[in-house]
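Asks: Take this structure first; my questions come after.
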Amino acid sequence: MKFFPLIWSALWRKKLRTIFTLLSIVIAFLLFGMLQGVNAAFQRGVDNANVNRLVVTSRISLTEALPISQMQLLESVKGVAAVAHATWFGAYYQDPKNFIFAAPVEIDRYLKVVPEIKSAPEQLDALRHTRDGILVGLVAAKKYGWKIGDRVPLHSTIWTRKSDGQSDWDFQVVGFYDFTGNASQTDGALFNFDYFDEARAFRRGSVGWWVVSLSDPNQSSQVAAAIDKLFENSADETKTQSEKEFAQSFLKQFGDINFIVKAILFAVFFTLLFLTGNTMMQSVRERVPELAVLKTLGYSDTAVLTLVLVESVLLCLLAAAIGLGIAELLFPLLKSVVGEVRLPPSVLLAGGGVALVLAILTGLPPAWRAKRLDIVDALAGR
Amino acid sequence: MSEAIVSLRNVVKRYQRGKQTVEVLHGLNLEIANGEFVALMGPSGSGKTTLLNLIGGLDRATEGEVIVAGERIDQLSSGGLAKWRARHVGFVFQFYNLMPMLTAERNVELPLLLTSLNGAQRKQNVAAALAVVGLADRARHKPSELSGGQAQRVAIARALVADPTLLVCDEPTGDLDRKTADEILHLLQVLNREHGKSIVMVTHDPKAADYASRQMHVDKGALVQAEAA
Ligand SMILES: Nc1ncnc2c1ncn2[C@@H]1O[C@H](COP(=O)(O)OP(=O)(O)OP(=O)(O)O)[C@@H](O)[C@H]1O
Ligand SMILES: [Mg+2]
């Protein structure tokens, strides 16, 4: 690109001003990277939700238990292929920071409904035959360095044990599992519901929620309505959602993250638009004689427009690259919050897109001015 | 007289300032032969720069024909005019008008960026142009690190580098002391005589005009006399 030195030198004509502008764009994109990264990580759980599954919770609240006696009724609903359940265990390992999504399940039912879970047959067998066995997700296993045969104590923030009134539950690692298509789903563990149900001090015979697979995904809303109808006016009314809706409403407990992130970013970029736009305009105003000279030398109006526009694109893309680069470096620090180690590439891509739009929006008015510039007037300083 | 490089017929130039129309050139006729070095003189506000801008294709006549380097440039589109300028004219201004952020050689290279020359060829042509103006050793200097005379030489090198047939200079020595001015004028003379460049130069300075092969006087938007030097 032979015009690069010309464009680059124009960009640095006022060093300090360019540095300040660059910094504000860098910071905006750092913010963009971090916030969108968190958002995307949360949203990913929603997007990966299976359309072929429904989640049945209590109508009262997500955390309200449902009686296990609902199982047979659920299985009888037309369009339901299989029924499994899970219960919120609220576990952490050693330190409350080490939250782990461990859930008591009936493993064979669960595998039928969530076939993405992959484990070696002998490890599954071991779970079936070990009352206090636990199957650990690959990410969690790596995080805590657990091996088969390890005894791991998990502290439940919800459930106490009938035997000693304590909240510490002891498990024996019997194997690991992977989750097809989404490794972040393996930051958890599964253990035997029978063991849990017998040992817990209260609410025996209840489950946290039902997971229902459908024989036909297109029937999802009809089946959901049928289920809720079935338990209408019973002691345990239900709320049935697709897995995606469920994931979304689960997130909403923490506030509408997506909306908050978008609102903040909108405000930031709106401000940036004027700041950068103003800087670019000012810089072109100062360079009127120089731009006129370029035209004198035979640079066409379009060429001058392009030069100014490319300058703006260069500034914005450079700043965005730095900002997103820093975000990429800092993002792993949020691992404990979002459970993901890397900034999703989609965020980087979106950042590049935003930078380009910003560049064109801020670059076009001054570029247009440069294009319209009259040589004779400009040379005469009019 | 060889073929004309510049030929103006009944050229009228009017400026529109709001509701007022100002006629700056009134039906001007002018011929400049290929290889001439013409000095345009006249009082301030007489229309010298306006005339020069028409000849150099920076501005368009309101009426009349402007034929320069064999082309009816009054009929060219603005894009066509830009291309034409790049090919046929080199400009030198009173205040050099160099890009302050670029080195001398980068400044001189600017017109070549519009050509299809590759990097090596551009470098070679830039070096040759800087050598002609005697500034080979200042190639890496920024305009702020050059004296006025040196800056004007760089500007002349920039005007030369694409090898135009015509050089158009508006008071090229207006900002220089006598000695430096003489050096610049001598350089222009060399370019005219040895490199075959036709030159049209506006100047207020009768001594400067003496370097030209012909002087023309403009007064109140009309040529008053044309005499051979
Ligand atoms: N763009 C314009 N709009 C209106 N009037 C103009 C414009 N350009 C030039 N003029 C007028 O035309 C007249 C001639 O201007 P021009 O710049 O050609 O004079 P000049 O002979 O070059 O003067 P100087 O020696 O001071 O440079 C002046 O009266 C000027 O005010
Ligand atoms: Mg003038």
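Asks: With the condition kept exactly as written, say whether any residue in segment B:181-204 is surrounded by fewer than 17 Cβ atoms within 10 Å (Cβ to Cβ), within 16 Å of ligand 2 (Cβ to nearest atom) and either more than 14 Å from chain A (Cβ to nearest Cβ) or of a type outside the set (Gly, Ala, Ser) (or both).
Replies: yes
Asks: So which of A:LEU251, A:LEU309, A:LEU305 ends up being more than 14 Å from chain B (Cβ to nearest Cβ) and in contact (Cβ under 8 Å) with a residue 60 or more places away in the chain?
Replies: The conditions single out A:LEU251.
Asks: Okay, moving on. I'm told A:GLU311 meets every condition in (1) within 34 Å of the chain's Cα centre (by Cα); (2) surrounded by fewer than 21 Cβ atoms within 10 Å (Cβ to Cβ) except one. Can you identify the failing condition by its number?
Replies: Single failed check for A:GLU311: (2).
Asks: Here's another thing I want to ask about it. Scan segment B:36-77 residue by residue and report those that are within 14 Å of the chain's Cα centre (by Cα) and among the small types (Gly, Ala, Ser).
Replies: B:ALA39, B:GLY56, B:GLY57, B:ALA69
Asks: Which count do you get for residues in segment A:91-111 that are surrounded by 15 or more Cβ atoms within 10 Å (Cβ to Cβ), not aromatic (Phe, Trp, Tyr) and not in a loop (DSSP other than H, G, I, E, B)? I'd like the intermediate steps shown before the answer.
Replies: Residues of segment A:91-111 that are surrounded by 15 or more Cβ atoms within 10 Å (Cβ to Cβ), as a first pass: A:91-93, A:98-107, A:109-111.
Filter once more, keeping what is not aromatic (Phe, Trp, Tyr): A:91, A:98, A:100, A:102-107, A:109, A:111.
Filter again for not in a loop (DSSP other than H, G, I, E, B), leaving A:91, A:100, A:102-105, A:107, A:109, A:111.
Qualifying residue count for the region: 9.
Asks: Okay, moving on. Identify, please: which residue in segment A:343-382 is away from chain B (no Cβ under 14 Å) and of a type in the set (Val, Ile, Thr) and is, among those, nearest to ligand 1 (Cβ to nearest atom)?
Replies: A:THR362
Asks: Tell me, please, whether a residue that is within 14 Å of chain B (Cβ to nearest Cβ) and of a type in the set (Lys, Arg) can be found in segment A:40-50.
Replies: No; the residues of segment A:40-50 include none that is within 14 Å of chain B (Cβ to nearest Cβ) and of a type in the set (Lys, Arg).
Asks: Right, A:SER24: touching a Ser or Thr at 6+ places or on another chain (Cβ under 8 Å), part of a helix (DSSP H, G or I) and assigned by TED's automatic domain parsing to the domain that holds A:GLY277 or not?
Replies: yes
Asks: Okay, moving on. Assigned to a strand (DSSP E or B) and more than 14 Å from every other protein chain (Cβ to nearest Cβ): is that true of A:LEU35 in this structure?
Replies: No: the conditions fail for A:LEU35.
Asks: Only one of B:GLY90, B:GLY79 is away from ligand 2 (no atom under 16 Å from the Cβ), within 9 Å of chain A (Cβ to nearest Cβ) and exposed (fewer than 15 other Cβ atoms within 10 Å of the Cβ); which?
Replies: One residue alone meets the criteria, B:GLY79.
Asks: Looking at A:PHE270, A:PHE266, A:PHE231, A:PHE274, which one is buried (at least 20 other Cβ atoms within 10 Å of the Cβ) and more than 14 Å from chain B (Cβ to nearest Cβ)?
Replies: A:PHE231
Asks: Just to check your reading of the model, which residue among B:ILE73, B:ILE5, B:ILE67 is touching a Gly at 6+ places or on another chain (Cβ under 6 Å) and farther than 19 Å from B:ASP219 by Cα?
Replies: B:ILE73
Asks: Would you mention how many residues in segment A:336-382 are away from ligand 2 (no atom under 16 Å from the Cβ), modelled with pLDDT under 90 and not in a helix (DSSP H, G or I)?
Replies: Count: 6.
The values are calculated or read from the model by the stated rules, or taken from the named source; none is laboratory data. Quick caveat, the model's predicted, so the values are computed rather than measured. Cβ coordinates were reconstructed from backbone atoms using ideal geometry, including for glycine residues, and neighbour counts include every protein chain displayed.
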